[in-house]
Every structure is written in structure tokens, then in C-alpha cells.
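**Student:** The structure that follows is given in the form of C-alpha cells.
The values are calculated or read from the model by the stated rules, or taken from the named source; none is laboratory data. Bear in mind that the values here come from a model prediction, so they are computed numbers and not experimental data. Note that each Cβ is placed from the backbone with ideal geometry, even for glycine, and that neighbours are counted across all protein chains shown. Remember, those area values only see protein heavy atoms, side chains included, never the ligands or the DNA or RNA. Shrake-Rupley method; radii C 1.70, N 1.55, O 1.52, S 1.80 Å.
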Amino acid sequence: CEGDSTILTASGGSDFSWNTGETTASITVSPTVTTTYTVSGLDQMGNPATDSVTVFVNPNPTAEAGSNVAICAGDSTVLTASGGDTYAWSNGEITQSITVSPTSTTTYTVTVTQNGCTDSDTVLVLVNQPPNADAGPDVTINNGDNTTLTATGGGTYLWSTGETTASITVSPTVTTTYSVIVTSAVGCDATDDVVVTVNSTNTVIAN
């Protein structure tokens, strides 16, 4: 592979001389492209002899683990690598694409192999925590009254009534549960409920 070296060893004679200028039986070479090396010397009969050996240089692959990604806690994402024939991820998986569900921000490394040569790349999965959604305390009202419900914990709000403000005014005639979806600035959401209990109207009878 590119960047690697190998040892070439001549045998069967003496007085070796390589085309690199070296005169030892063994030489270490680190070619950047496919190269043929020639060695000359005397055979066992004392006659001049020549032989050659070719060192084939395979290019290194370029590993690509994909772009960094942000998810919300509890979600998953698919990571897809490219650049080689086989893939080995730091979590032990060996497919080109993997599905991950980290509970905290995690860096994944993939090693890509092609023609026996390898390269590595990393990808960061940023895990954002959901907001602390709070629809407020449960409340009790009398029939015909209204109450204001106020949610906290996020950047935007969506009530089960369809309203999108943090505070809403409701006038239920029967005990009702209201839900609010709270979404943070990074797009993660959480849900909370509040119960509005309605007391029935008392009837006074005068005898």
C-alpha cells in the first residue's frame, strides 16, 4: 500500500548490486508507484547474473464516514460510509451503513479496506436532550368558570386545543386533560399533561 515499505532479498549468488545503488543481499524499499527493482551479481559458478522483482503499489482508499449529525435523546440515525470494499465500525459492525442510538454524544470511527489497503474516518453524533416540559399543576374550577394554563420548558408550544402560545385560557364543562408538546430550540420535544377538574353546579332548593 502507499506509504508502506517492503524488504527485497536476493539469493543464489554473491557480490549483489541493486539498481538502487545498494550492495547488500537485502534492501528495504518504499516506492510510491509500482516499481521494478533489478539485482546483479555472480552466480554460484562465478558467472554474471541478473534478476528483477516488481513491487506493485496499491493506492490507499479514502474513507468517508459521512457528515456529523445531531439527534434528540431516544432517537436513532443511520451512518453510511464510503470509499472501500469492506467496512469495520468502532462499535463492531461491519456493514457499510449502520443504525445507532447513542444516549450521549458519541464519535464513531470506520476503517475502510480496498485491495488490502486501509484508511479511517470519524463521524460525530451529537445527542441533544429533550426539554423539561411542564404543563403546570392540575387545577379545579366550578362549572362555568375558566382558568389559564401556562406551560414552560421550551421554545415553542403546541396544546391539544391547537393553540401555540405558552398560556391558554380554557373553560371546560367536564373534567378534561390538556396536553402540551414543548419543543426546544434544537428541535427536541417532550409532552406533559394537566388535568382541569370541573365541579358540577350545586342546586339550592328552598322549602
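**Student:** Would you check which residues across the range 24-37 are under 15 Å from THR50 (Cα atoms) and either at pLDDT below 95 or hydrophobic (A, V, I, L, M, F, W, C) (or both) and list them?
**Tutor:** ALA25
**Student:** Taking only the range 37-68 into account, find how many residues are without any contact (Cβ under 8 Å) to a residue 12 or more places away in the chain and surrounded by 13 or more Cβ atoms within 10 Å (Cβ to Cβ).
**Tutor:** Here the count works out to 0.
**Student:** Separate question: If you scan the range 69-94, which residues turn out to be over 26 Å from VAL182 (Cβ atoms), assigned to a strand (DSSP E or B) and open to solvent by less than 30 Å² (accessible area, probe 1.4 Å)?
**Tutor:** Answer for the range 69-94, where residues must be over 26 Å from VAL182 (Cβ atoms), assigned to a strand (DSSP E or B) and open to solvent by less than 30 Å² (accessible area, probe 1.4 Å): LEU79, TYR87, TRP89.
**Student:** Do we find that SER40 is assigned to a strand (DSSP E or B), modelled with pLDDT of 95 or more and of a type outside the set (Phe, Trp, Tyr) in this structure?
**Tutor:** Criteria met by SER40.
**Student:** I'd like to know if the range 75-85 contains one or more residues that are within 25 Å of GLN129 (Cα to Cα) and in contact (Cβ under 8 Å) with a residue 40 or more places away in the chain.
**Tutor:** Yes, because at least one residue in the range 75-85 is within 25 Å of GLN129 (Cα to Cα) and in contact (Cβ under 8 Å) with a residue 40 or more places away in the chain.
**Student:** On to the next question. Any residue that is without any contact (Cβ under 8 Å) to a residue 24 or more places away in the chain and more than 30 Å from GLY3 (Cα to Cα) - is there at least one of those in the range 176-188?
**Tutor:** yes
**Student:** Right, something else. Tell me yes or no: at least one residue of the range 17-36 is surrounded by 11 or more Cβ atoms within 10 Å (Cβ to Cβ), among the small types (Gly, Ala, Ser), more than 39 Å from the chain's Cα centre (by Cα) and not in a strand (DSSP E or B).
**Tutor:** yes
**Student:** Quick check on this structure: which one of ASP43, ASP85 is over 30 Å from ASP189 (Cβ atoms) and over 38 Å from the mean Cα position of the chain (by Cα)?
**Tutor:** Residue meeting the stated conditions: ASP43.
**Student:** Among the residues of the range 1-10, what is the count of those that are assigned to a loop (DSSP other than H, G, I, E, B), loosely packed, with under 11 Cβ neighbours inside 10 Å and over 36 Å from the mean Cα position of the chain (by Cα)?
**Tutor:** The qualifying residues number 0.
**Student:** So which of VAL182, VAL170, VAL139, VAL198 ends up being of a type in the set (A, V, I, L, M, F, W, C) and under 40 Å from the mean Cα position of the chain (by Cα)?
**Tutor:** On inspection, the qualifying residue turns out to be VAL182.
**Student:** If you don't mind, another one. I need the strands (runs of 3 or more DSSP E) fully contained in the range 95-197, keeping only those with at least 2 residues that are surrounded by fewer than 16 Cβ atoms within 10 Å (Cβ to Cβ) and among the polar types (S, T, N, Q).
**Tutor:** Those strands (runs of 3 or more DSSP E) span 97-100, 106-114, 117-128, 139-142, 147-150, 167-170, 176-183.
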